[in-house]
Amino acid sequence: MYKNGHNFQKKTNEMANVSISLFFLFLLHLISYIIPTISLQNLEIPPPLPILPLPSYSQLKWQQREIIMFFHFGVNTFTDSEYGTGQESPTIFNPTRLNPNQWLRVAAEAGVSLAILTAKHHDGFCLWSSKYTDHSVAKSPWKGGHGDVVQEFVSAAKVQGVDVGFYLSPWDQHDKRYGEEKVYNEYYMAQLQELLTRYGDITELWVDGHKGSDVPNMSYYFKDWFAMAKGIQSSINIFSDAGPDVRWVGNEDGLAGNTCWSTINRTSITIGSSSIAEYLNTGDPKGTDWLPPECDVSIRPGWFWHESEEPKKLSELLQIYYTSVGRNCVLLLNVPPNSSGLISETDSKRLTEFKNAINKIFSHNLAKNSSVKASSQRGGKGSKFGPENVLDPDHLWTYWAPSEDDRNEKWVEISLDDQGVRFNVVMIQEAIGLGQRIQKYEIYVDGNRVVGGTTVGYKRLHWLGVEGVHAKRVKIKVVKSRDVPLISSVGLFFDPYWHPKSKSRKNRKRRRKQY
């Protein structure tokens, strides 16, 4: 009996030891779960996954420029024509006061950080002394044939802190090799190589596919040209109908589509085709390539300077700004030097007016310091994705992101002063570094819907009329998006300058490039 009791006590002790061991195992398991959970609570919530395709670093930098400048200058400047023939004598090129320093000073004072020069236009006349043709400044009386407009342009840009780009026309009406496909493509590549190796860093190469209807049927070796250009200058942005970095907007009116995607399918585009204008104008939500649009338009009716022409009025330039920069594009504004070699004073004054108006309108966000709330917030309150981000100065990498679990309406609302604020421009920006997402949105002012839109992209501007509205609350509601929307900025402004014409530019006929 004593033996049985001893065995019972032994088993009881063993069971107690097992229970204690199991308890400590359970406690260790519980602690191992709690500690990481507490640690994770102290960590930041990561950003949402990007929506492909995405912009490159050079494309993002280009987009933030907003306005860049074109300089059309050549033999057409001296013949009072838009189109050359290729038969012009180089002796007509003789500017008496050529001063690219003045051009670039005008550009810099207008807030422009990138300027593009027509190094060679369709007439084939080269503004530098090329080793591959005698149809250039080398045969002109200007500086005894020893001048180099391209070099003076590049040197002046460096002084003014402006980046440079070149336009090199594929169509050459002068060169007799044109029409002999292989030989001419070799000639074009040789000239391109000259420009990209002689003059330092080039930010943008501007190439179009335009050519006359009665010229030989010859293919341009765009892929070869672009590959060589990237091999020489890897960070260069190349413009053409199909990029590879920047695309044409499809017209020369400074008019992007109300729907304007930065994405497109490059394989669907034939450079120079007249049938792609609408596709280029709107982009493609299913596009596999990030190819943002550039709106090229001239400050004057023509691309080259003509004594009989005057610059566009300030109201016209502002309208162009709203339909280009305000629709997810970069505005390429042409300002042609005159036959003496200077930017005309009337053009310079108009540019100053334009810059001052833009600065006055957009220098002060009337929503600044307002309170902001949202339908939800990624990571909950306290995370770095709160609605207050839409009013900070970072337009790319801080943003409001709703919760991915939010299946209801997604919105951000700004509460203004108790007295309200008068404004007539609403700005919305997306965090495009993580992709373009918004497909449909609405703007409400004091509960009333005032705008319905589709795409946003880098920047979308809505003008609400001359008088605008006086309101206490503004809500941006995202109705549809590719994954969660990411709004980086919202702004409210008052524009006292723009008084649009009654006739809409939307109905103007789109045309293939004719300059």
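The values are calculated or read from the model by the stated rules, or taken from the named source; none is laboratory data. Note that the structure is predicted; figures quoted are calculated from it, not measured. Using ideal geometry, Cβ is built from the backbone for each residue, glycine included, and neighbour counts are taken over all protein chains shown. Note: areas computed on protein heavy atoms with side chains; ligands, DNA, RNA excluded. Shrake-Rupley method; radii C 1.70, N 1.55, O 1.52, S 1.80 Å.
Please list log₁₀ I(q)/I(0) at q = 0.17, 0.22 Å⁻¹ for region 281-368, using the Debye equation with identical point scatterers on the alpha-carbon positions. For region 281-368 at q = 0.17, 0.22 Å⁻¹, log10 I(q)/I(0) is -0.81, -1.08.
For region 308-350, the Kirkwood hydrodynamic radius comes to 11.7 Å, computed from all pairs of different C-alpha atoms.
Here the gap between Asn94 and Tyr497, fully extended at 0.36 nm per residue and compared with their Cα-Cα distance, gives a gain of 141.1 nm. When you count the other C-beta atoms within 10 angstrom of each residue and take the mean per peptide, 378-384, 331-337 line up highest first as 331-337, 378-384.
Kirkwood's formula applied to the C-alpha pairs of the chain gives a hydrodynamic radius of 25.8 angstrom. If you take all C-alpha pairs in region 137-273, what percent of them are over 27 Å apart? Summing the P(r) of region 137-273 above 27 Å gives 29 percent of all pairs. Accessible surface computed residue by residue for the chain, with neighbouring protein chains in place and a 1.4 Å probe, gives 45 Å² per residue. Here the accessible area is traced with a 1.4 Å probe on the protein chains. For the chain, carbon and sulfur cover 52 percent of it. Solvent-accessible surface of protein heavy atoms, probed at 1.4 angstrom with all chains present, puts Arg97, Arg407, Arg422 in the order Arg407, Arg97, Arg422, largest first. In summary, region 207-290 shows an alpha-carbon radius of gyration equal to 1.14 times the 2.2 N^0.38 Å reference for compact globular proteins. Would you mind checking the pairs Lys211/Lys459; Lys139/Lys211; Lys120/Lys312; Lys373/Lys477; Lys143/Lys230; Lys440/Lys475 and listing those with alpha carbons more than 22 angstrom apart? Distance filter (> 22 Å) returns Lys211/Lys459; Lys139/Lys211; Lys120/Lys312; Lys143/Lys230.
Note: relative contact order over the chain, using C-alpha pairs below 8 Å and six or more positions apart, is 15 percent.
Taking only alpha carbon atoms, region 156-205 gives an Rg to Rh ratio of 1.09, where Rh is the Kirkwood radius.
Rounded, prolate or oblate: which one fits region 50-100, using the alpha carbon gyration tensor with axes a ≥ b ≥ c (rounded when a/c is under 1.5, else prolate when a/b beats b/c, else oblate)?
Cα axes put region 50-100 in the prolate bin.
Convex hull of alpha carbon positions in region 71-115: directionally averaged projected area 4.0 nm².
For Ile68, the residues 5 or more places off, or on other chains, whose built amide H falls under 5 Å of its own are Leu331, Leu332, Leu333. Rounded, prolate or oblate: which fits region 46-147, taking a ≥ b ≥ c as square roots of the Cα gyration tensor eigenvalues, rounded meaning a/c under 1.5, else prolate when a/b beats b/c? Here region 46-147 falls in the prolate category. For region 393-445, the share of alpha carbon pairs falling in successive 5 Å distance bins from zero is 4, 11, 22, 24, 21, 12, 6, 1 percent.
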